[in-house]
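Take a look at the structure below.
The values are calculated or read from the model by the stated rules, or taken from the named source; none is laboratory data. Quantities reported herein were computed from a predicted structural model and do not represent experimental measurements. Here the Cβ positions follow ideal geometry from the backbone for every residue, glycine too, while neighbour counts run over all protein chains shown. Each accessible area value is taken on the protein alone, full model and side chains, heavy atoms only, with ligands, DNA and RNA left out. Shrake-Rupley method; radii C 1.70, N 1.55, O 1.52, S 1.80 Å.
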Amino acid sequence: MRTDSPRLSAPVAALTGVVSLVAALGAGHLVSGFVGAGASPFVAVGDAAIDLTPTWLKDFAVAAFGTADKAVLLAGMAVVALALAVAAGLAARRRAAPGLVFVAVVGVLGGVAVVTRPDLGQVALLAPVASLVAGLAVFAWLHRTALAGWPESAARRNFLLATAGAGAAGIAGQLAGTSRDAAGSRAAVGPLVPARTAPPVPAGADFAKFGTPAFLTANADFYRVDTALVVPQVRTEDWSLRIHGMVEREVRYSWADIRDRPLVERIVTLCCVSNPVGGPYISTARFVGVDLADLLGEAGVRPGAEQVFSTSADGWTAGTPVSAMTDPGVGAMLAIGMNGEPLPIEHGFPARLVVPGLYGYVSATKWVTDLEVTTWDARAPYWLQRGWAEQAPVKTESRIDAPHDAVPAGRVRIAGIAWAQHTGIDRVEVSVDDGPWVPAELSTEVTVDAWRMWWVDAAAARGSHVVRVRATDRHGYTQTDQLADVVPDGATGWHTISFTAR
Ligand SMILES: Nc1nc2c(c(=O)[nH]1)N[C@H]1C(S)=C(S)[C@@H](COP(=O)(O)O)O[C@H]1N2
Ligand SMILES: [Mo]
């Protein structure tokens with residue numbers, strides 16, 4: 001009769017896999033603290049997943065989870081990684097080799113994710129290499145001690161040691177990374193005083209007391225949309241903006257070059273193309289910066305140029321029609337300040353693009369470092385490669401914000417926002433229960449590049465009611481009930497809500 005070779009129990013085998021995974025992630029995170037947060041293998045794989053996600057799945061994720069979509073992605077990845085680690089352990093109950101192969105395959109995938117990141121240099125590869133080495137070494141080591149006699153105290157000690165070491169490495173990496181982050185640089189910026197200020201916001205610019213948003217959105221409430229899993233940390237001392245391509249002369253601006261120019265201030269509404277009818281991805285701020293028309297003028301745009309292809313520190317790209325940036329009437333800016341502060345780090349510190357009238361994905365590059373003047377054929381920006389439109393002016397739209405719950409029957413105040421950038425809102429009309437369109441009262445216009453608020457009163461008997469809104473811009477265009485999806489160039493249709501009067 002043949003005696004079985006020693007074999008790990010299933011829980012111990014699974015634990016071997018899980019602790020090795022933790023060790024691998026800890027080692028990678030430690031090294032990423034020195035070579036850049038995006039090199040941490042877990043983050044790099046997540047970033048790669050975001051870039052590879054098909055558009056329909058991304059739309060679903062945004063629709064289902066909103067801005068929590070990244071947290072959901074990370075949680076999903078954690079579940080998959082844990083399952084793989086358990087599988088690696090279970091595959092190695094007798095011999096370590098199958099488990100080691102598993103660890104190696106996962107480690108190499110992490111490495112591939114890092115190498116293919118557009119924003120990471122060669123040294124970033126050190127992070128997944130550290131993960132791979134730590135994962136293999138810890139797996140082999142724990143496997144050997146566990147086979148030699150779990151649950152002896154020595155074996156148990158090794159498992160604890162490996163876990164504690166991984167945790168310490170992860171924390172050290174986090175601290176090292178934090179010491180290189182941009183918060184200190186941002187705090188050192190000091191006041192950004194515009195030479196040309198935007199008009200003050202009059203008292204009648206919003207109907208917040210009736211349920212609309214405030215005219216200016218606080219930085220903390222400003223909607224946020226980007227593909228970055230970890231917010232890029234760009235310090236002013238490391239930042240520069242290069243303008244090149246189809247220009248007379250290539251130019252490069254340092255932070256001080258920009259900050260020391262006369263600054264302009266403009267109130268602009270930013271809107272995301274992924275905003276569904278009635279959606280929340282729209283906000284307004286007072287931006288401070290310099291005119292892109294001036295910077296591009298200094299470089300000298302050559303005839304035949306069609307798009308300004310902008311790139312951010314994290315490798316994201318956008319393509320903007322040259323005319324939207326060189327026509328001084330548009331007011332496109334390189335913004336460095338927002339609502340009286342330097343740009344918040346999540347909104348692009350130290351510098352971003354703001355182009356009134358265009359959806360963010362074709363214009364609003366955050367953490368911008370490079371402008372290449374080129375043609376549409378030569379360069380395809382990030383969302384164009386994923387099926388979204390090349391030209392994406394913000395569509396005339398309106399939204400109902402109040403009422404949103406049950407209200408007492410009788411006179412009901414309905415309020416909301418409308419926007420028609422560059423053109424301006426001419427009128428907003430509301431229809432209750434398919435009745436006639438009734439004109440709403442409009443707020444004081446601050447600029448045609450910002451949203452406008454409206455309200456109207458309606459008589460509502462006890463029961464449930466349906467409200468629709470439509471806006472007309474000063475070109476005479478009235479929103480139609482034609483429904484369009486957000487892909488490829490923005491949603492259309494009348495925002496419709498229902499409320500109960502009792
Ligand atoms: N670097 C970078 N810039 C970016 C994006 C991005 O994913 N990465 N998203 C764009 C999109 S789609 C929008 S709508 C705006 C949103 O800007 P906000 O987050 O400041 O509101 O940023 C734009 N700039
Ligand atoms: Mo967007």
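I want the antiparallel fraction of DSSP beta bridges within the chain, as a percent rounded to 5. Present the calculation step by step, with values, prior to reporting the outcome.
On the way: 69 of 75 bridges.
Percentage antiparallel, nearest 5: 90.
Once backbone amide H atoms are built at 1.01 Å from N, ASP370 has ARG242, THR311 as its partners under 5 Å, excluding neighbours fewer than 5 places away on the same chain. Residue-wise HN-Hα couplings along the range 414-420, as the Karplus relation 6.51 cos²θ - 1.76 cosθ + 1.60 with θ = phi - 60° gives them from phi, are 10, 8, x, 10, 8, 8, 8 Hz; Gly and Pro carry x.
Once every DSSP H run of n ≥ 4 in the chain is given -39500 (n - 2.57) and the sum is divided by its residues, what mean residue ellipticity at 222 nm do you get, rounded to the nearest 500 deg cm²/dmol? Before the final figure, lay out the partial values.
Numbers: 11 runs with 161 residues, N = 502.
-10500 deg cm²/dmol, from helical runs alone.
In a shell of Cβ-Cβ distance under 12 Å around ARG474, excluding ARG474 itself, what net charge do Lys and Arg (+1) and Asp and Glu (-1) give? Here the count lands on -1. Suppose a student asked you for the relative contact order of the chain, using Cα pairs under 8 Å spaced at least 6 residues apart; what percent would you report? Rounded, it is 14 percent for the chain. The base-10 log of I(q)/I(0) for the chain, evaluated at q = 0.08, 0.09, 0.10, 0.11 Å⁻¹, reads -0.62, -0.74, -0.86, -0.97 [Debye formula, identical scatterers on Cα atoms, solvent excluded]. Summing charges over all other residues whose Cβ lies under 11 Å from the Cβ of THR116, with Lys and Arg as +1 and Asp and Glu as -1, gives -2. Taking 28 Å as the straight-line reach from the Cα of LYS209, the lysines in range (excluding those fewer than 8 positions away in the same chain) are LYS395.
Among 87-96, 24-33, 59-68, sorting by the average number of other beta carbon atoms lying within 10 angstrom of each residue, highest first, gives 24-33, 87-96, 59-68. The residue among VAL487, ALA459, HIS422 whose Cα reaches farthest toward the positive pole of the charge dipole of the range 397-501, with charges on the beta-carbon of Lys, Arg, Asp and Glu, is ALA459. A cut-off of 5 Å between modelled amide H atoms, ignoring neighbours fewer than 5 places along the same chain, links MET338 with VAL288, LEU343. Expressed as a whole percent, the accessible surface of the chain that belongs to carbon and sulfur atoms is 60, based on a 1.4 Å probe. For the chain, complete DSSP H runs whose alpha carbons reach 24 Å or more along their own long axis and whose mean Kyte-Doolittle score is 0.0 or higher are 10-35, 69-90, 97-115, 126-147, 153-178.
Treating only the Cβ of Lys, Arg, Asp and Glu as charged (+1, +1, -1, -1), what charge dipole size does the chain show about its Cα centre? Round to the nearest 20 debye.
Its charge dipole is roughly 1980 debye.
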